[in-house]
Amino acid sequence: MYGMIHQALRDMALREITEAEWSDLLRRGGHARPVCIGLEYYSDETTMALMDLVARRLDLPVEEFLQAFGRLWIDFAGASAYGRILDMAGDDFVSFLQSLDRMHSSIRSNMPRADMPSFEVVAADARAIRLRYRSSREGLAPFVQGILAAAAERFDEKVTIRHAPEDGAVRFDILRAGPDD
Amino acid sequence: MIEGGPFPQATPAEGLELSPEELSTLFPAHLVLGADGVIIDAGPSLRRQCGPDLLGRCFFDCVTLERPAGVGCMDGLRAHRRALILRLEGEQSLRLRGLLLDRGERLWLMLGHIPDLQAEAGRQPLQIADFSPTDGTLDMMLAAEMRSGMLAETRALATALEEQRNKAEAANRAKSAFLTTMSHEIRTPMNAVLGVANILADTELTDEQRDWLDVMTASGHSLMELLNNILDLSKIEAGLMELRPEPFDLRELARSVHGLFAPAAAMKDIRMTLDFDLEGSVYVGDSLRVRQVLSNLVGNATKFTEAGQIAITIRDRVEEGRRLVELSVKDTGIGISAEAISRLFRAFTQADSSTTRRYGGTGLGLSISKSLVEQMGGDIRVQSRVGRGSTFTALIPLAMTEQADAVRPVPAAVPDPGGPLHALIVEDNATNRLILSHYLRRMGHSYDAANNGQQAIALWEEQEYDVIIMDIEMPVLDGLVATRELRRRERALGRRYTPIIALSADAMMQKRETALSVGMDSYLTKPVSLEEIEERIRTICAETSRQASG
């Protein structure tokens, strides 16, 4: 994955630990330098190892950590080079979800080694959205759940999210709370 | 790749009919004009951006054509049949580009957005869905954002680096200041320790007492050597080590170093030889630092050799147009393993910790020597075999000169100034005054003593002195101000010139230069021995006397 993920991890870690402790985590994760460059590519093993180190240091179960990291990722990306394209993703939550593949396609054209996931809005109405998520990576559904929850908040939506494996993909059922709920 | 001739004619798009959804997806910003120029249809992007009022309006009323410029009717558009660039005015001003398709009654304008990359993020009206999936504009927008992101990241990194560098420099300055202060604070009591040991050595002592005194003196000198090394290392690390090149006699320098260590080697039955293969004698370089390097190499060889011989060879040769002087020291000592050689030149590192326990030392000498040689543009190399011995070779670029006259002579025997002198000791530390008093008595001189510069000037007003030995850091009036004032009064009153020897605990070169610049004639660093002060008084007085008579 690209270094932006590592930079977001640093943001998350520094809420609880010191810069020196973060440097120590990086060193233990096999990083030769004390900083991560946003557009530098790191192997998935390196990124996953760093996530694992941060989760352990923050004393969070993996699923809980990934959800929290997904939530933070939206804020982090919004403040980064992705911010403008995030703003262009749509005026409402469904449009945003429908734009995700196009957004990832553009990101992929600028980050040729990025292995981007795919999102398909299978159905959407006022009460629920069904989303299909496909990725070559396993175990990141909680991370996506965190991203979806934070994205819903961007559009002032209160949602409840469940996910389950389905036909080699992951199905997300997003229950939308109406104004009276 | 098609072989054997021209490309086949493009297949006509027969059967390629787009559904409204496909048309909207592929050309979300298209416009359809009727024969009268009225907009009769628009893609979802333009409908969303411009509102429902767009349909039914005359194209030429709501559009500014940038290309083709000046066209204001349908015939003009038809005649153009080329690329279009236009600005569509509505709720949002949209810049578009595309192609015109003439389909009889209708003109189809297949357009795509030209985003304003300079617009602030919040003011950019376009969304991802406004772009065709076949349009790379979105990628370019993201690329532009990523470039600016990278620039911001680079700036942040540069700022962080600068802050870290500033912090490191501040820490380094603090360290240097600490070392200078520490040096000063240690030198003052060490002057007392070594001075009193010197005085004691002149008294009646039993053999056992003399042995203890020798241990005390040797330990004091070791401590001073360590202090000097730490100061040197500090200066090197802070980039403050300045070289002072001047012509010097290399043969004389090497003989002097040989003479210094040969007795210690002889006591271990080690034969120390000195050979020259030099084209000249006088070279230009910082003789003090060349001596320091050679002394370090010879000193190490003496320390780590138990039997056999130590061969010092001084050669020179011309390599790539510059003259290289080679200081080679070969011993038959304990030798160094290949693994230990790799860390040999690091500060505070010896071959192994047992070396420190057995032979003593801090491991600073080689590190300092290497830094000095590198600063002179050279290098130090080592070849060694455990149990067989080592050869250390310092290669230093030194220009040869024929200007023998330029070499500062080192007087072998300084002439006696001619009888007892009357000296003035200016020193605020009572112990140091006591020691200097003893030294002067031993030399057969008389003296007065002052606690500070103000008292010194008062005493000088009353009588002539042959020499003044002046501390620098003193309360009331320090040595620098007092010297400047004495020199001023000498000139104003027409009094004879009194040589002044600075005696300071500050070993930094800068202080020495300041002292000489205010009118002091010489500078000695504490601790000072009887021999040093005697030699310096002789030299300075002889020089003053020669100048006065000449």
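Given B:239, B:259, B:195, which one is buried (at least 17 other Cβ atoms within 10 Å of the Cβ) and either not polar (S, T, N, Q) or not in a helix (DSSP H, G or I) (or both)?
Among B:239, B:259, B:195, only B:195 is buried (at least 17 other Cβ atoms within 10 Å of the Cβ) and either not polar (S, T, N, Q) or not in a helix (DSSP H, G or I) (or both).
Here is a list: A:79, A:124, A:114. Which entry is more than 9 Å from every other protein chain (Cβ to nearest Cβ), within 19 Å of residue A:146 (Cβ to Cβ) and aliphatic (A, V, I, L, M)?
Of the residues listed, the single one that is more than 9 Å from every other protein chain (Cβ to nearest Cβ), within 19 Å of residue A:146 (Cβ to Cβ) and aliphatic (A, V, I, L, M) is A:79.
If we scan region A:145-154, do we find a residue that is over 21 Å from residue A:64 (Cα atoms) and either outside any helix (DSSP H, G or I) or among the hydrophobic types (A, V, I, L, M, F, W, C) (or both)?
No: zero hits.
So if I check each of A:9, A:66, A:39, A:86, which one is within 14 Å of chain B (Cβ to nearest Cβ), within 14 Å of the chain's Cα centre (by Cα) and either among the aliphatic types (A, V, I, L, M) or surrounded by fewer than 18 Cβ atoms within 10 Å (Cβ to Cβ) (or both)?
A:86
State the number of residues belonging to region B:247-306 that are in contact with a helix residue (DSSP H, G or I) (Cβ under 7 Å, 6 or more places away or on another chain) and of a type in the set (Lys, Arg).
3
Of all residues in region A:103-137, count the ones that are closer than 24 Å to residue A:159 by Cα and not in a strand (DSSP E or B).
7
Looking at (1) in contact (Cβ under 8 Å) with a residue 12 or more places away in the chain; (2) within 11 Å of chain A (Cβ to nearest Cβ); (3) farther than 21 Å from residue A:112 by Cα, which is the only condition residue B:157 fails?
Just one mismatch for residue B:157, condition (1).
Of the numbered conditions (1) in contact with a helix residue (DSSP H, G or I) (Cβ under 9 Å, 6 or more places away or on another chain); (2) part of a loop (DSSP other than H, G, I, E, B), residue A:59 satisfies every one except a single condition; which is it?
The failed condition is (1).
Exactly one condition in (1) away from chain A (no Cβ under 12 Å); (2) under 22 Å from residue B:48 (Cβ atoms) is not met by residue B:165; state its number.
Unmet for residue B:165, out of (1) away from chain A (no Cβ under 12 Å); (2) under 22 Å from residue B:48 (Cβ atoms): (2).
Restricting attention to region B:196-219, report how many residues are at pLDDT 85 or above and either among the small types (Gly, Ala, Ser) or within 21 Å of residue B:367 (Cβ to Cβ) (or both).
Of the residues in that region, 2 qualify.
Among the residues of region A:91-102, is any in a loop (DSSP other than H, G, I, E, B) and more than 12 Å from chain B (Cβ to nearest Cβ)?
Checked region A:91-102: no residue is in a loop (DSSP other than H, G, I, E, B) and more than 12 Å from chain B (Cβ to nearest Cβ).
Identify, by number, the condition in (1) closer than 27 Å to residue B:145 by Cα; (2) away from every other protein chain (no Cβ under 14 Å); (3) touching a Pro at 6+ places or on another chain (Cβ under 9 Å) that residue A:171 doesn't meet.
Status for residue A:171: all satisfied but (1).
Mind listing whichever residues of region B:121-140 are at pLDDT 85 or above, within 7 Å of chain A (Cβ to nearest Cβ) and under 49 Å from the mean Cα position of the chain (by Cα)?
If the condition is that a residue be at pLDDT 85 or above, within 7 Å of chain A (Cβ to nearest Cβ) and under 49 Å from the mean Cα position of the chain (by Cα), then B:138, B:139 are the ones that fit.
Within region B:278-287, can one find any residue that is assigned to a helix (DSSP H, G or I) and within 28 Å of the chain's Cα centre (by Cα)?
Taking every residue of region B:278-287 in turn, at least one turns out to be assigned to a helix (DSSP H, G or I) and within 28 Å of the chain's Cα centre (by Cα).
Checking residue A:15 against (1) in a helix (DSSP H, G or I); (2) surrounded by fewer than 15 Cβ atoms within 10 Å (Cβ to Cβ), which single condition isn't satisfied?
All conditions are met except number (1).
Tell me, which strands (runs of 3 or more DSSP E) lie completely within region B:431-550 with 2 or more residues that are surrounded by 16 or more Cβ atoms within 10 Å (Cβ to Cβ) and within 32 Å of the chain's Cα centre (by Cα)?
Strands (runs of 3 or more DSSP E) meeting the threshold: B:500-504, B:522-525.
The values are calculated or read from the model by the stated rules, or taken from the named source; none is laboratory data. Treat the numbers as computed from the prediction; the structure is a model and nothing was measured. Reconstructed Cβ throughout: ideal geometry from the backbone, glycine too, with neighbour counts over all protein chains shown.
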